[in-house]
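Just so it is clear, none of the values below were taken in a lab; they were calculated from the coordinates. The structure presented is a predicted model; accordingly, all values stated were derived computationally and were not measured. Cβ sites come from the backbone with ideal geometry, for glycine too, and all protein chains shown count toward neighbours.
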Amino acid sequence: MDLTTFLQILDATVRLATPLLLACLAGLFSERAGIFDIGLEGKMLVAAFVSAGVAFVSGSVWIGLLAGIAAALVLSLIHGLASITFRGNQLISGVAINFLAAGLTVVVAQSWFGQGGRTPQLEGAARFEPLTLPLAETLRDIPVIGPAYHDLMSGHTILVYVAFLLVPLSAWLLFATRFGLRLRAVGENPAALDTAGVSVRNMRYAAVLICGVLCGLAGAYLATALQAGFVKDMTAGRGYIALAALIFAKWRPWYALWACLLFGFLQALALRPDLIEATIGIKVQVQLLDALPYILTVIILAGFVGKAIPPRAGGEPYVKER
Amino acid sequence: MEKMPKWADVVLIPLISLVLASLLSALVILAIGENPWDALKLMVTGALGSTYGWGYTLYYATNFIFTGLAVAVAFHARMFNIGGEGQAMLGGLGVALVCLFIPWPHWSLALIGATLAAALFGAAWAAVPALLQATRGSHIVITTIMFNFIAAALLNYLLVNQLKPAGSMEPATASFPEPTHLPSFHDLFGTEALPLFRGAPVNITFFIAVAACIAVWALIWRTRLGYEMRAFGFSETGARYAGINPTRIIMVSMFISGALAGMMAINNVMGEAERLVLNAAEGAGFIGIAVALMGRSHPFGVFLAAILFGFLYQGGAELALWTSIPRELIVVIQALVIMFTGALDNMVRWPLERVFAALRRAPPGDTARQAAE
């Protein structure tokens, strides 16, 4: 494999890892606060549709992005209402949200655009354009570093850079601020936080809303940056892969980055089965690459490669009066 | 003291949840510019207005009884098996292997063989997550989700690379041989003069599903194992103290759950398609969650809820055929049912409890007088 192909694969890895990373960080905030969220998939899907639909109608991708985030926030609030206010089962609520999104996006897309559950193709300002980083063209001729800078670092849409910057930001927010300490505490021992006079309900709603914003970014990225428009079921299980990455990362932001890059790399490889055969001389089944993130997660979950311990109060509604 | 009479818990709450879900669905239909009342009439005539419609309704219901029972059995031991979809896919694989590679003399023998294979394959697919939960403490919800995807990839691989007949482009097995074809309701009940259920896929598997309901009822409430499962679901520490082995209960209940989900395949793979195609389960594994929640994990409730969802599926297909409402509307209704009967249960329950508490405080004469006023 030559440098250009290698860079192409890494470039695709970054592109495909971005939605996973955004969704994974979304789940990280929610689950660290003790709210399990298997509805990442649904929130991404709704954000993808609404952002593409609004971007098409308004002609501005930024308005689309805001609308997508708002749509994901609505679903987040429903999840919060079910799992915080009404102390319902968080897993069931997540399942319901995924179905709600899968159904509503197609029903509404068909009603608005009449194209069999998709939005029209997005063009021009209705889509995020790749950014060229400074000096990318000038430095291109330097061996190795030049092409790497030009092909890999430069030329992504703004959401990709946002996603990668969110990793240190999340790590700082969770591990170096009072808000982060409280957010983690509410997922480990909510009663202690309650005793300290902090509202468990407010902390958990805050976490769920952050989760909504990040899912909104992830969905908008899919429909307005990675692809040019919404198609039915376009998240294609990415919400679940993000969930897998979250476990793989043991609920830590930096590990989440590596887990998402790994799963993104697997997705990039699955698109180029010819390359694997040319490189290692063995024909690897595409289906195996598709299933690998899930298989790896099960192995991690089984505790054979380091134990993944979820936040202790995860999934449990907090009951104040006893 | 009971906060509410039992009938309110079993009948009233699911009914109110269903009404709320229907109202919201009606709003969705209104919002996309169709008339909800006309839509409902079309669904009723399409799904229940002819033996053909009933034939489809009951066919879908058969799938949902199996997957609903699967979720319900796991619920009794307080486990959430989201893996019904993957287990049903593997059940389909079992059915396909048995039907294709064993020369059955008669459909009745083939049915027994296929049922065993479907149950075994489904159970095996549930056994791995169960084992990991029991011995390593891996969360069963996450592992069963992962196993759904692994099952999809596995079947994709097998159908594309191994089981596809030579020269065929479509990722599906060959058609099953003639002696494995199950009698449909048309074969059983239709006559020359009265061609009941003609063209509908409902088949003898429906009776197996009904038998499965009765068997699950007997298991949960009439056997020691069922008692242990319920005790474990009620309180794990209590059950442990009473000498119930948690590993055994987790394994056995997930085994039964997976077997039930797998058995769905005798209906859709053997009874209807008569070959194994990609994505044969078509989401029925997930509908089992809605069915079990709606039916309050009781086999009779599951039966009724499965008929309701069968009606929704057939009615939804009719809607998609005759109006501009896409089939996905059913997915929305399904989501709302899961939301209201599952996650937002307390939204309905708490106000109702208050109503019943108020009724109890007031002496019967007072309530009668209040009602009169």
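Quick notes on this structure:
- Partners for residue B:3 among lysines (Cα-Cα distance below 28 Å; same-chain residues under 8 apart left out): A:320
- With a 10 Å cut-off around each Cβ of A:290-296, the average count of Cβ atoms from other chains is 5.
- Shielding by other protein chains, A:107-117, mean Cβ within 10 Å: 4
- Computed over region B:224-373, the ratio Rg/Rh where both radii use C-alpha atoms and Rh is Kirkwood: 1.11
- Mean Cα-pair separation over length for region B:78-221, i.e. relative contact order, pairs under 8 Å, 6 or more apart, %: 25
- Using the rule -39500 (n - 2.57) for each DSSP H run of four or more residues, divided by the residues of chain A, the 222 nm mean residue ellipticity is -21500 deg cm²/dmol.
- The distance from the alpha carbon centre of region B:291-357 to that of region A:1-73 is 30 Å, rounded to a whole number.
- Using C-alpha pairs under 8 Å with a sequence gap of at least 6, the mean separation divided by the residue count of chain A gives a relative contact order of 34 percent.
- With Cα atoms, 0 to 90° folded angle of helix B:345-361 axis to chain B main axis: 30
- Ordering B:99, A:215 by the number of other Cβ atoms within 10 Å of each residue's own Cβ, fewest first, gives B:99, A:215.
- Stokes-Einstein translational diffusion, region A:35-82 - Kirkwood Rh over all Cα pairs, 1.567 mPa s, 4 °C, in µm²/s: 120
- The helix-based estimate of mean residue ellipticity at 222 nm for chain B, built from -39,500 (n - 2.57) per DSSP H run of four or more residues and divided by its residue count, is -22000 deg cm²/dmol to the nearest 500.
- Most mobile listed residue (B:187, B:345, B:38) in chain B, GNM with C-alpha springs under 10 Å: B:38
- Using only alpha-carbon positions in the protein assembly as shown, the gyration tensor eigenvalues give semi-axes of 40, 33, 27 Å once each is multiplied by 5 and square-rooted (largest first).
- Size descriptors for region A:122-191: radius of gyration and Dmax over Cα atoms are 19.0, 60 Å.
- Fraction in percent of alpha-carbon pairs per bin - 10 Å, region B:151-284: 10, 27, 25, 21, 12, 3, 0
- Over the C-alpha trace of region A:261-322, radius of gyration and Dmax come out as 18.5, 65 angstrom.
- Tail fraction, Cα-Cα pairs, chain A, threshold 26 Å, whole percent: 49
- In this structure, the pairs whose alpha-carbon distance is over 32 Å, taken from A:232/B:41; A:232/B:164; A:250/B:164, are A:250/B:164.
- For the peptide B:130-140, the mean number of other protein chain Cβ atoms found within 10 angstrom of a residue's Cβ is 4.
- In region B:32-179, inverting the average of 1/r over every pair of distinct C-alpha atoms gives 18.0 Å as the Kirkwood radius.
- Ranked by how many other beta carbons lie within 10 Å on average, peptides B:145-155, A:289-299 from highest: B:145-155, A:289-299
- With only the Cα atoms considered, chain B has a convex hull volume of 185 Å³ per residue.
- Here is the tail figure for region A:131-247: Cα pairs spaced more than 25 Å apart come to 46 percent of all pairs.
- Entry note, chain B: relative contact order of 33 percent, from Cα contacts under 8 Å with a spacing of 6+ residues.
- When you count the other C-beta atoms within 10 angstrom of each residue and take the mean per peptide, B:207-215, B:284-292, B:61-69, A:24-32 line up highest first as B:61-69, B:284-292, A:24-32, B:207-215.
- Per-peptide average of other Cβ atoms within 10 Å, ordering A:6-13, A:99-106 highest first: A:99-106, A:6-13
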